[in-house]
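First up is the structure itself, then whatever we jot down about it.
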């Protein structure tokens, strides 16, 4: 009889214990990226779209990956020279740490590794007595280095959120890339 009473108490309190236990969940989303390529003078600002997928390990930590594609190029002109940056793809893997994701507003930080590739076209037009000549050079530039950022999830429900974030990729070869991302995630 003594063994039955503790088992009955545990069974009665099991729903209360279950509410405190966090169940790991996955998520998928997408965002619009405003890219900023720093130059000596003005900045070049192309745009991209990215998908975001991950698993929320606990209310504070998530592991996620990202895949993106450039959708808009941008140019910088100075005199007879111009530079055009056309982003091709972006890939990233991050650890996301923040406040409890179940809160209405949940700020977070990101730490991980990103890679980005862009096509950079340089044009120089020279004029002479015989007319003008345009020299054009196109090269693929790839940056792959640690990246970091911060953002905030604005939870619309248990399964949907809007978010805004800032992410920085610091490349050793002066290809620093900053992104401002605005997007939506769905949890499952």
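Filtering the stretch 90-109 to residues that are part of a loop (DSSP other than H, G, I, E, B) and within 17 Å of residue 149 (Cβ to Cβ) leaves 99, 101. If you go through the stretch 140-169 and keep only what is surrounded by 15 or more Cβ atoms within 10 Å (Cβ to Cβ) and either touching a helix residue (DSSP H, G or I) at 6+ places or on another chain (Cβ under 9 Å) or assigned to a loop (DSSP other than H, G, I, E, B) (or both), you end up with nothing.
One line per residue, one yes/no per condition, for (1) surrounded by 15 or more Cβ atoms within 10 Å (Cβ to Cβ); (2) without any contact (Cβ under 8 Å) to a residue 40 or more places away in the chain; (3) over 12 Å from the mean Cα position of the chain (by Cα):
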site: 49; (1), (2), (3): yes, yes, no
site: 57; (1), (2), (3): no, yes, yes
site: 74; (1), (2), (3): yes, yes, yes
site: 78; (1), (2), (3): no, yes, yes
site: 100; (1), (2), (3): no, no, yes
site: 103; (1), (2), (3): no, no, yes
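Could you tell me which of the residues 124, 91 is surrounded by fewer than 17 Cβ atoms within 10 Å (Cβ to Cβ) and either within 18 Å of residue 35 (Cα to Cα) or at pLDDT 95 or above (or both)?
Details: 124 fails: either within 18 Å of residue 35 (Cα to Cα) or at pLDDT 95 or above (or both).
91 is the lone residue from the list that is surrounded by fewer than 17 Cβ atoms within 10 Å (Cβ to Cβ) and either within 18 Å of residue 35 (Cα to Cα) or at pLDDT 95 or above (or both).
So for the stretch 82-89 (the condition being over 18 Å from residue 180 (Cα atoms), within 13 Å of the chain's Cα centre (by Cα) and in a strand (DSSP E or B)), does at least one residue qualify? There is no residue in the stretch 82-89 that is over 18 Å from residue 180 (Cα atoms), within 13 Å of the chain's Cα centre (by Cα) and in a strand (DSSP E or B). Checking the stated criteria, residue 137 turns out to be loosely packed, with under 10 Cβ neighbours inside 10 Å, in a strand (DSSP E or B), out of contact with any helix residue (DSSP H, G or I) (no Cβ under 9 Å at 6 or more places or on another chain) and touching a residue at least 12 places away in the same chain (Cβ under 8 Å).
Which one of these is within 21 Å of the chain's Cα centre (by Cα) and either in a strand (DSSP E or B) or within 23 Å of residue 167 (Cα to Cα) (or both): 132, 115?
The unique qualifying residue is 115.
For the stretch 47-54, the count of residues that are more than 25 Å from residue 156 (Cα to Cα) and either at pLDDT 95 or above or in contact with a strand residue (DSSP E or B) (Cβ under 7 Å, 6 or more places away or on another chain) (or both) is at least one.
The values are calculated or read from the model by the stated rules, or taken from the named source; none is laboratory data. Source: prediction; values computed, not measured. Reconstructed Cβ throughout: ideal geometry from the backbone, glycine too, with neighbour counts over all protein chains shown.
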